[in-house]
Amino acid sequence: MTINNRIDELIIDYSKGSRRALSRLISIVENDSSLRPAVTEKVHPFLQGAYRIGLTGPPGGGKSTLVSVLAKLFRQAGKKVGVAAVDPTSPFTGGALLGDRVRMNAISLDPGIYIRSLATRGALGGLAAAIEDVVDLMDGFGCQVILIETVGVGQAELDIVSSADTTIVVLVPESGDSIQAMKAGMMEIGDIFVLNKSDRQGADHALLEIRSALKYRKPDIWTPPILKTAASLSEGIEDLHEVIEKHLCHLKENGLLIKRQYQRRKMKIRRIVQAKLEQDFWDEERKARLDRIAGEDIPVFSASEKLISE
């Protein structure tokens, strides 16, 4: 049986609600970039436009616990939930370390929740390279809400904006002294800010720092709310859930949900085109020219133009 025939079989099972087929298809797009086009083309007819919520922030913010309790609330509201938890890459296997999966044991047995841990594999934006395809697979599987948790790598986590409809930045009281340094990055991308572990000392100071940092943001019709939570104690989670629903209504009423989905498709197409052009450009002949030109004493921009024009 050819791999394409195998994919066809998996798609049939996937369309019938097989979690095993979903898992196998995710493994294919995550591990073999050459097979992504075949999978994504066949999954496209099943896409339903799931609401995508990204949770980002520095390490130790309790994002996994927050995702777990939020998933429970969405389930109580009758939603089928997907969770894409991006973990650091194992230096031994190249796969995810599965720390998030361990922390989400409380919801892992719910048949209405599908959890998948993904490895960053060196991606600097806090997201796995195949995250868009994985989330699309969850969408086509019937997940109405998809929670995307990024690995904690600080300000480099800005890629989440291109993958989520609503971006939640999760901070903790200990983040207080570094919040001002985040102004140019993470503080600009949040639709909702959460001060988690707010039962700890320093929460009030951190809250003031967040408010101060947000004053530098460009004015918008949506003012990012700041909420205090203690996810491990399930405190403030219902308020957060309510604010998420309000942001979704805001996106729909102002035509922003469709706009963000359009921008997401546009960026994905650009990335695919760029990857294809680069792959086609660097044939063996051009690689040999690069080796030769790199040894010439000419400015690098001139060398680049020479390489392109030859």
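Each value in this text was obtained by applying a stated rule to the coordinates, not by laboratory testing. Keep in mind that what you see is a predicted model, and the values were worked out from it rather than measured. Cβ placement follows ideal geometry from the backbone for every residue including glycine, while neighbour counts extend to all protein chains displayed.
Check which residues have an amide H placed less than 5 Å from GLU235's amide H, if you skip close sequence neighbours.
Counting only residues 5 or more places away or on other chains, the set is ALA230.
Work out, in µm²/s and without decimals, the Stokes-Einstein translational diffusion coefficient of the stretch 267-309 at 10 °C, 1.306 mPa s, Rh from Kirkwood over C-alpha pairs.
Details: Rh = 11.5 Å.
Diffusion coefficient, whole number: 138 µm²/s.
Just subtract the alpha-carbon distance of GLU253 and LEU277 from 0.36 nm times their residue separation and send over the number in nm, one decimal.
4.8 nm
After finding the eigenvalues of the alpha carbon gyration tensor for the stretch 2-67, what semi-axes result from the square roots of 5 times each, listed largest first in whole Å? Mind dumping the intermediate values first?
Details: eigenvalues 162, 41, 28 Å².
Calculated on Cα positions only, the semi-axes equal 28, 14, 12 Å.
Take LEU214, LEU109 and order them by how many other Cβ atoms sit within 10 Å, fewest up front.
So the ranking, lowest neighbour count to highest, is LEU109, LEU214.
Exceeding 28 Å between C-alpha atoms, which entries from my cross-link table qualify? They are LYS16/LYS276; LYS63/LYS268; LYS228/LYS266; LYS16/LYS79; LYS259/LYS306.
Details: LYS16/LYS276 33 Å; LYS63/LYS268 26 Å; LYS228/LYS266 35 Å; LYS16/LYS79 18 Å; LYS259/LYS306 40 Å.
Too far apart for the 28 Å limit: LYS16/LYS276; LYS228/LYS266; LYS259/LYS306.
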